Each structure stands twice: as C-alpha cells, then as structure tokens.
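Where a number appears in this text, it was derived from the coordinates with a stated rule and is not lab data. All values reported here derive from a predicted model rather than from experimental measurement. Positions of Cβ are backbone-derived with ideal geometry, glycine not excepted, and every protein chain shown enters the neighbour counts.
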Amino acid sequence: MKVFINKRIPEVGINMLQEAGLQIVFPESENLTYEEWLKYCQNTDVILNVGGDFKYDKVFFDSCPTIKAIALYSVGFDHVDVKEANVRNIPIGNTPDVLSRATSDVAFLLMQSVARRASYNFQKVKEGNWGAFDPLHALGQELYGKTLGVFGLGRIGFQMAEKCKKAFDMEIIYNNRHRNEEAERELDATYVTFDELIRNSDILSVHANYTPEHKDLFNQSVFEKMNSDAIFINTARGGFHQEQDLYHALTEGKIWGAGLDVTNPEPMSADNPILELSNVCVLPHIGSATVEARNGMARLAAGNLIAFSKGEVMPNCVNPDVYSHHSS
Ligand code: DGY
C-alpha cells in the first residue's frame, strides 16, 4: 500500500510504517502548490496529512477517486469535509490525547504571558528600553481565585482547567455541547450557558472542535458583553474569533488582553496591527510543538494507517461509521 506524506514527521512514525511494509512517498518539495499536491494524492492509496494548507473537500475527493484512507497528523479535522468522506466510505484518522497536555500548556502559558504583559516587557528589553523601576507602569494582574471560562470542555479544555485549578485555585465554568461530569466531579466545574460564560469569565479560553457554524463566534457583540478585565485565549482555531472585532475590543478596553496560538489566516501577516498591541501575545500555532506530543502524533497517525492496511478499524477515527460499509 502506497502512502503519501506531504511533510516529514518524526522518525518513529516513518519507522513504524516502513516496518509494516507500507511504501512511503515524500514530495520533492514540502512547499507544494495545490495542483502539485493533488497530483501526489492522485497517485497514492492512502495519505498521511500534515497541516491544514489544503482542504479535503468535494473537489478533492472527486479528483482523487483512488484514495482509500486519510490519517491526519492533527487532532483537528476542520480541513476535512467528513460528510464527503462518509459518502465514499473513507476513514479519517486523527491524533487525540497525545497533544492535550502540550496544547493546554500553551493556553496556560498565554494566559500568564498576557496577565503579566510578558511579550510587551520582553520587547522593551530587546529595544534597550528596560527603564527605571516604576510603581505604576505596565502592571499585570494576578490570577488567584479568578474564574476560568472554558468554551469546549473536552480533553484539552479539561487539562487547561485542571492546571488553572491547581496553580491558581481558579473557579471553573464551562460551556460545551454536552455536560462533562468528570470535570464537574473532579474540578468542581459548573456548566453555564454561552451568555453566562462570556459575562462571567475572567479568563475565557477556547478549546472546542472548530466547525463552520463557529465562524466568528467571538465577535463584537461577545467582546462587548465580556468583563473589561477579561483575557481571551484561543489555542483552538483562528476561525473562532473575528479578528477586527478582537482588535477593536483590545484597543477600546472592552477586554483586557488576548493570547492567540491560532489566527485566521495562518500565518498572521507581520504587519498585522494586532502585533503592535501591548496587551497581546501571539504564537505561531505551537500548541502541539513538543518532542513528546509530536512523537505521539507520529505514532497515532502511523498506527491508524497500519491498522487500515491490515483491514482493521483505525484506532483513532473521526468517522468510524464508515466501517459498517466496509467488507473486510
Ligand atoms: C491539531 O492537532 O489540530 C493542532 O492544531 C495542530 O494542527
């Protein structure tokens, strides 16, 4: 079985695929145009996809009728039209759990970085502008006992909430498609409506799976309802927040600050005015960028394809119902 991998992944995943006898195809360059990428996809059986540059939509599936399975090197699958994959009985694998710790670490890092104005202060030092001790300048805020609002309390949201509870004895409120009984039991988390979430969070951290209905969910009307001391954190997908509205909320004092590991589009342009603000920290989508998480992702992605190659169900599949149509 031939597997196309569009970008190098950690060796552990490559070794697993090779030992299982899969034939790996890497592209000549890792900066493919859409047409070049499509050509590789048209000449393979299965794909191990790294990144969200190209969409797996109807056009893709119609153009690549030989594709039998796709293993994503990500937990998010917003770049895949799962309905179209279902129509063709194509299983889509992803990499949950192994990156929850690393990604929630970045949410926690952004929260503290914004609360203590770390980016702004670091910039001052780099500019030779350390300055004299000033009792009133660039004061941050402490997080002890504050309220963390989690939008999307799944695996990553849980770990962020747990860190906030343990480090700062924060109160946890959340809004989610379903109640999270484990979080209610273990973290004393309280389920609230979306409106209550945005009005009562001191820190509002987004951790939901992104779907098109979420586009610009955090917009002007939401920022206006938030507490003016609140910090908005997004480590999920840039599509969740309306960037212009966020910019205005930050410059007009509707909210206190923002920490973003995701933007829309990515990469964020270097001349984006948000980067000029002193109450912002932006990171280049590094949530899962640790050796441990990336190795774990490589193992899960390879494991999904190996299982598929043996006619078995992918251990981590976002659309397992397709298997009821497979005659293996
Ligand atoms: C994920 O796994 O979804 C991360 O955002 C990296 O793409």
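Annotations for the structure displayed:
- Matching entry among ASN6, ASN94 (being within 14 Å of the ligand (Cβ to nearest atom), under 13 Å from MET297 (Cα atoms) and of a type outside the set (Phe, Trp, Tyr)): ASN94
- Search result, residues across region 78-115 that are part of a helix (DSSP H, G or I) and basic (Lys, Arg): LYS83, ARG101
- Filtering ASN316, ASN279, ASN304 for residues that are more than 14 Å from the ligand (Cβ to nearest atom) and not hydrophobic (A, V, I, L, M, F, W, C) leaves a single hit, ASN279.
- Scanning region 71-91 for residues that are within 12 Å of the ligand (Cβ to nearest atom) and either under 26 Å from GLY257 (Cβ atoms) or touching a Lys or Arg at 6+ places or on another chain (Cβ under 7 Å) (or both) gives GLY76, ASP78, HIS79.
- Within region 63-77, residues that are in a strand (DSSP E or B) have Cβ atoms under 6 Å from residues that are within 8 Å of the ligand (Cβ to nearest atom) in these pairs: LEU72/ASN94, counting only partners at least 6 apart in sequence or on another chain.
- Scanning region 45-96 for residues that are small (Gly, Ala, Ser), within 22 Å of PRO212 (Cβ to Cβ) and surrounded by 16 or more Cβ atoms within 10 Å (Cβ to Cβ) yields GLY52, SER74, GLY76, ALA85, GLY93.
- Restricted to region 222-272, and to residues there that are of a type in the set (Lys, Arg) and not in a helix (DSSP H, G or I), the residue that is surrounded by the fewest Cβ atoms within 10 Å (Cβ to Cβ) is LYS254.
- GLN42 falls short on exactly one of the conditions (1) surrounded by fewer than 16 Cβ atoms within 10 Å (Cβ to Cβ); (2) within 16 Å of the ligand (Cβ to nearest atom), and that condition is (2).
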